[in-house]
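All of the numbers you see were taken from the coordinates with simple rules; none came from a lab. This one's a predicted model, so the numbers in the text were calculated from it and none came from an experiment. Quick reminder, even Gly has a Cβ in these numbers, built from the backbone with ideal geometry, and neighbours come from all protein chains shown.
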Amino acid sequence: MAPYYQHAGMTIYHGDCRDILPSLEPVDLVLTDPPYGIGFKYESHNDSPEYYPVLMKNVVKQCQEIATMFMFWQGMLNADRWHEWFPKGFRILAACKGFVQYRPTTIQYAFDPVIAWGDFQGEPCTIRRDWHLQRLAPFGAGRPRINHPCPRPLQQVLYFASLVQADSILDPFMGSGTTLRAAKDLGRKAIGIEIEEKYCELAAKWLAQEVFDYA
């Protein structure tokens with residue numbers, strides 16, 4: 001399949017990641033924020049809890065065939081089922097929030113879990129820790145609005161991407177392109193796959209900016 005966008009080490013594919021993943025060359029890191037299977041109303045994706053396990057098992061299996069390190073954002077509502085679609089030995093990184101989005105639960109969720117596993121190499125370092133605090137809301141003061149229903153904050157993705165030595169990064173659920181923008185800012189190559197064409201276009205325009213100040 002021909003790329004939707006390709007420039008300076010950044011590549012975007014428009015389509016279902018399950019159709020595109022088998023054709024990709026190996027990468028170092030899969031860093032992605034997929035749907036959570038919580039019934040969110042996407043335009044073309046079925047986010048039902050019943051469908052989600054099949055999706056995750058297939059995508060995780062395909063990703064493991066081409067990468068050695070993995071970080072998958074997840075929703076807390078599926079915490080009791082992570083062991084069903086992620087391999088034994090995974091650990092949880094905490095994407096903490098300095099704000100709390102109200103949910104209909106007595107205890108509010110103050111962090112997003114990132115399920116990580118793989119061949120993470122490197123010397124011990126106190127700077128690289130298993131949590132990151134996003135102090136402002138995604139659309140806080142000084143932040144640009146991104147035309148996507150659930151964009152991941154760039155500074156948070158930059159932090160987790162910088163934890164490991166990965167020259168190439170893959171995001172099979174690219175969305176608005178935050179992972180690719182982080183890779184570009186870190187001087188790394190990246191591939192993004194997105195089923196919605198309008199988000200492919202949004203990501204391409206974001207990547208076209210040589211310098212991007214998110215703070």
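Summary table
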quantity	calculated
In nm, spacing of pseudo-spin labels at residue 186 and residue 108 (7 Å Cα→C-beta vector)	3.0 nm
Sorted by Cβ neighbour density within 10 Å, fewest at the top, the residues 132, 83	83, 132
Gained length - residue 90 relative to residue 121, 0.36 nm times residue gap less alpha-carbon distance	9.7 nm
Those lysines that a straight Cα-Cα span of less than 21 Å connects to residue 61, excepting residues fewer than 8 apart in one chain	88
Shape category assigned to the chain from the gyration tensor of Cα positions, a/c cut at 1.5	rounded
Ascending count of other beta-carbon atoms within 10 Å, so fewest first, for 162, 48, 176, 23	23, 48, 162, 176
Net lengthening on full extension, residue 76/residue 25 (0.36 nm per residue, minus Cα-Cα)	15.2 nm
